[in-house]
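Asker: First, the structure itself, so that you have it in front of you.
The values are calculated or read from the model by the stated rules, or taken from the named source; none is laboratory data. The shown structure was predicted, so the numbers you read here are calculated from the model rather than taken from an experiment. Cβ coordinates were reconstructed from backbone atoms using ideal geometry, including for glycine residues, and neighbour counts include every protein chain displayed. Side chains included, ligands, DNA and RNA excluded: accessible areas come from the protein's heavy atoms. Shrake-Rupley method; radii C 1.70, N 1.55, O 1.52, S 1.80 Å.
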Amino acid sequence: MTAVESELRSIGELARASGLTVSALRFYDRSGVLAPARVDPVTGYRWYTGDQVDPARLVAGLRRVGMPLAGIAEALRLRHRPAEVHRLLDAHLRRLEDGLADARRELSRIRCLIDPEETTVTTRLVLSRTDLAAAVAAVRFAVGADPELPALAGVLLSVEPDGVRLVATDRHRLAVAPVDATVDGPPVSALLPVAAVDELRALLDADAATVDAVVADRVTFSVAGRTLTVAALPYDFPDYRRLVRAQVGDAPAYRIPVDGAALRAALTADGVRVGHLAHDGVAHEVVALGLDGRGELRLVDPADGTGDGLRVGVNREYLLDALDAGGSQLVLELDGPITPLAVRRADDPQAFSILMPVRL
């Protein structure tokens, strides 16, 4: 063995020093995450340098907390840029916390299936009337109307430890609106029928500061002495968090501040260029969003396929609905012609709509 080779560590030594198993080190070599310094050409035995101990320990720690392989590779690549690694860790922690909340909700549902007679879990809420009214208005447009998809014909009331989310989707668009709330009880969710949501909108016109709500086998809203009791729909709402995580997991290519009223005026102006799409026998108008040389949003001709700039097609009616629900100061997130686009409120990025693109 040469002097250089004598300074190398065997794969077993690195395993003991890092907390990774030998098989894990082989896996991370094959995956291109942690390659050995030398591989014996005859035996295939792997050798590592002392400088690889700390990276291997980093890999071991990330592995223990369930970081995906791509995240481990990214953290290793950025390990000399702590701020960026901390952002990766924060994003992973949020995913873990969301997963735990999901698991609690699902286990609660399973317990009810196993023992329907079990005492109903009750969660009490106190919400701002104006905030709840704004959230209802922000998601109502996205409620589904397909009779063959009854699970989409309502608004999901999802109670989190620190507040509430209202969610609606018709498969082509999804709207999410958070509401701050005082929560007394475990996380729970209820799918509110659209007719009840419309009754709630009328109830929220009352002159009152707060809304009291009790979420159990039924949901009861109390506003200024008036009450509305809602029987939740008996359907499983789609796992909207999975779509949201896919949408917000990485920073979009373009995040563009827009004036909602100005964009609405441009979309409804005489002579605006639109395409046409038929879906399930219904005709829809399609507009195309692009960027000018300064990176500002502009409307382009959906039929003009020339040029290599960004062009994203979207249902015009759906985009107008999202603008109306979002308010005046918005941020559009664009990531490519086949990637869902997001419309976020500038003052509250957690309130947003996601619109499926139309292939031009």
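Asker: Using the Cβ atoms and a cut-off under 10 Å, what net charge is assigned to the surroundings of A133, where Lys and Arg are +1 and Asp and Glu are -1? It would help to have the intermediate numbers written out before the result.
Answerer: Working: positive: R129, R201; negative: D131, D205.
My count for the surroundings of A133 gives 0.
Asker: For the full complex of protein chains and a 1.4 angstrom probe, list T49, T21 by accessible area with the highest value first. The partial results should precede the final answer.
Answerer: Numbers: T49 45, T21 75 Å².
The ordering from most to least exposed comes out as T21, T49.
Asker: Rounded to the nearest whole Å², what accessible area per residue is found for segment 7-61 with the 1.4 Å probe?
Answerer: Details: 2870 Å² over 55 residues.
Accessible area per residue, segment 7-61: 52 Å².
Asker: Moving on. Rolling a 1.4 angstrom probe over the protein chains, ignoring ligands and nucleic acids, what is the accessible area of R165 in square angstrom, nearest 10?
Answerer: Result for R165: roughly 70 Å² accessible.
Asker: Moving on. In the P(r) worked out for the chain, what percent of Cα pairs fall beyond 35 Å?
Answerer: Working: 27534 of 64620 pairs.
Summing the P(r) tail past 35 Å for the chain gives 43 percent.
Asker: Order E160, E199, most accessible first, counting only protein heavy atoms with a 1.4 angstrom probe. Could you put the intermediate results ahead of the total?
Answerer: On the way: E160 25, E199 105 Å².
Ranked list, largest accessible area first: E199, E160.
Asker: Still on this structure, I have one more. Taking the square root of 5 times each eigenvalue of the Cα gyration tensor, what semi-axes in Å does the equivalent ellipsoid of segment 1-94 have, largest first? Intermediate results must be reported in sequence, preceding the final value.
Answerer: Values: eigenvalues 141, 34, 23 Å².
For segment 1-94, the semi-axes come out at 27, 13, 11 Å.
Asker: Magnitude of the Cβ-charge dipole of segment 117-198, K/R +1 and D/E -1, about the Cα centre, nearest 20 debye?
Answerer: Numbers: 6 positive and 11 negative charges, 61 e Å.
It works out to roughly 300 debye.
Asker: Same structure again: Please compute the net charge surrounding D324, taking Lys and Arg as +1 and Asp and Glu as -1 over other residues with Cβ under 11 Å from its Cβ. Let's see the in-between values first.
Answerer: On the way: positive: R140, R264; negative: E317, D321.
With Lys, Arg at +1 and Asp, Glu at -1, the net is 0.
Asker: Shifting gears a bit: Just the number, please: carbon plus sulfur as a percent of the accessible area of the chain, 1.4 Å probe, no ligands or DNA/RNA counted.
Answerer: On the way: 10000 of 19390 Å².
Carbon and sulfur: 52 percent of the exposed surface of the chain.
Asker: Between the helical axis of 53-64 and the dominant principal axis of the chain, each derived from Cα atoms, what acute angle in degrees is found, rounded to the nearest 10?
Answerer: 40
Asker: Skip the ligands, DNA and RNA, and give the accessible area per residue of segment 272-360 with a 1.4 Å probe, whole Å².
Answerer: Solvent-accessible surface per residue comes out at 50 Å².
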